[in-house]
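Each remark here refers to the structure printed beneath this line.
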Amino acid sequence: MASLKDLRNRIASVKATQKITKAMQMVAAAKLRRAQEAAEAARPYSERMGAVLANITQAIGGGGDAPALMTGTGRDDVHLLIVCTAERGLCGGFNSQIARLARDHIRRLLADGKQVKIICVGKKGFDILRRDYGSLILERVDLREVKTLGFVNADAIARKVIHLFNEGGFDICTLFYSQFKSVISQIPTAQQVIPAAQASATADAGNGATAVYEYEPEPGEILSDLIPRNIAVQIFRALLENAAGEMGAKMSAMDNATRNAGDMINRLSITYNRQRQAQITKELIEIISGAEAL
């Protein structure tokens, strides 16, 4: 059984930890609002971009003028996975859920005899995936020094992906991230971004728009500029969704940690008081027994 001094030290240690988790919860709550607003503001633009691409795709009917980024290579032998996670931990199962979805997808592709390549955006996803699939990782994008995510960060990633595609490095590209729903709900999502036509058709599903558009210049020329921008937009949206989801998950995790620390302090305090009372009672009994013996 621990001594009274050990219990006092343990209680003081847990109280210090509780102060840290409470402070981290407050910081995450302050950052969550800005991150959530940014993620929600990016959704309409991203969805509308998909609708415009779907309309143009329908207009040209997948003809010869369509860029390869939209029509694909005609094969599905090599798959590129862009796995977006957080740079830091202490946010519950946020990172592991995204990595689990990507890992399941990798297993299915490898079982079908496909070749897989991975680009990790974020340290935590890289740390998880490199244990089993380190040889498949092409690059890790480090955003730890970025204070505020901007479109330039997503555009840099998109340029690398497009350059790899133009060199024949892969046939299909899938983006993995966590879609923010609420503080306690983040949904791991897999979204195909190359070929862009399939992703755009999905984005336009249920739109119900029947208008006929005329394009100037030619649709093929528009697509050659619009599709690379759409890839960057989708990556940017994924980064913003991840940022909001990370803060929500961290806020929830730190709140649970603070509550657990409070419960532990209560249990340790009860144990300390009982042991102290037992020790006082024992000393009183020894004093009374000694006095009666005299």
Magnitude of the Cβ-charge dipole (Lys and Arg +1, Asp and Glu -1) of the chain about the Cα centre, nearest 20 debye, reported as 1860 debye
Report the residues of segment 1-25 in range of a label on Glu283: point 7 Å along Cα→C-beta, backbone N strictly under 15 Å from it.
4-5
HN-Hα J couplings of segment 104-112 from phi, Karplus 6.51/-1.76/1.60, θ = phi - 60°, integer Hz, Gly and Pro as x?
4, 5, 5, 4, 5, 5, 5, 5, 8
Solvent-accessible area per residue for the chain (1.4 angstrom probe, square angstrom)
55 Å²
Evaluate E = 1/(1 + (r/R0)^6) for Ser185 and Arg10, where r is the Cβ-Cβ distance and R0 equals 51 Å; express this FRET efficiency to the nearest 0.05.
0.90
Please list 3J(HN,Hα) in residue order for segment 81-90, calculated via the Karplus relation 6.51 cos²θ - 1.76 cosθ + 1.60 where θ = phi - 60°; whole Hz, with x for glycine and proline.
10, 9, 9, 9, 9, 7, 7, 10, x, 6
Along segment 278-283, what does the Karplus equation 6.51 cos²θ - 1.76 cosθ + 1.60 (θ = phi - 60°) give for ³J(HN,Hα), rounded to whole Hz, x for Gly and Pro?
5, 5, 5, 4, 4, 5
For Thr189, distant residues with modelled amide H under 5 Å away:
Tyr177, Ser178, Gln179
Subtract the Cα-Cα distance of Ser224 and Asp112 from 0.36 nm times their separation in residues, and report this length gain in nm to one decimal.
37.1 nm
What value, in deg cm²/dmol to 500, does the helix sum -39500 (n - 2.57) over DSSP H runs of n ≥ 4 give at 222 nm once divided by the residues of the chain?
-23000 deg cm²/dmol
So, with a 1.4 angstrom probe, what is the percent of accessible area on segment 4-44 that is carbon and sulfur?
56 percent
I need to check one value: relative contact order of the chain, counting alpha carbon pairs closer than 8 Å and at least 6 residues apart, in percent.
33 percent
Subtracting the Cα-Cα distance of Val27 and Arg276 from 0.36 nm times their residue separation yields 85.8 nm
Accessible area in the full protein assembly, largest first, 1.4 Å probe, for His105, His163:
His163, His105
Cα-based reach from Lys123 at 28 Å (exclusive), listing lysines while leaving out same-chain residues under 8 positions away:
Lys19, Lys22, Lys31, Lys114, Lys147, Lys160, Lys181, Lys250
Where Lys and Arg each count +1 and Asp and Glu each count -1, what net charge lies around His79 among other residues with Cβ under 11 Å from its Cβ?
0
Inter-centroid distance (Cα atoms) of segment 6-31 relative to segment 163-177, Å
44 Å
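The values are calculated or read from the model by the stated rules, or taken from the named source; none is laboratory data. Predicted model only: the values in this text are computed from it and were never measured. Because the Cβ atoms are built from the backbone with ideal geometry, glycine has one as well, and the counts that use them run over all protein chains shown. Protein only, heavy atoms only, side chains kept; ligands, DNA and RNA dropped before computing areas. Shrake-Rupley method; radii C 1.70, N 1.55, O 1.52, S 1.80 Å.
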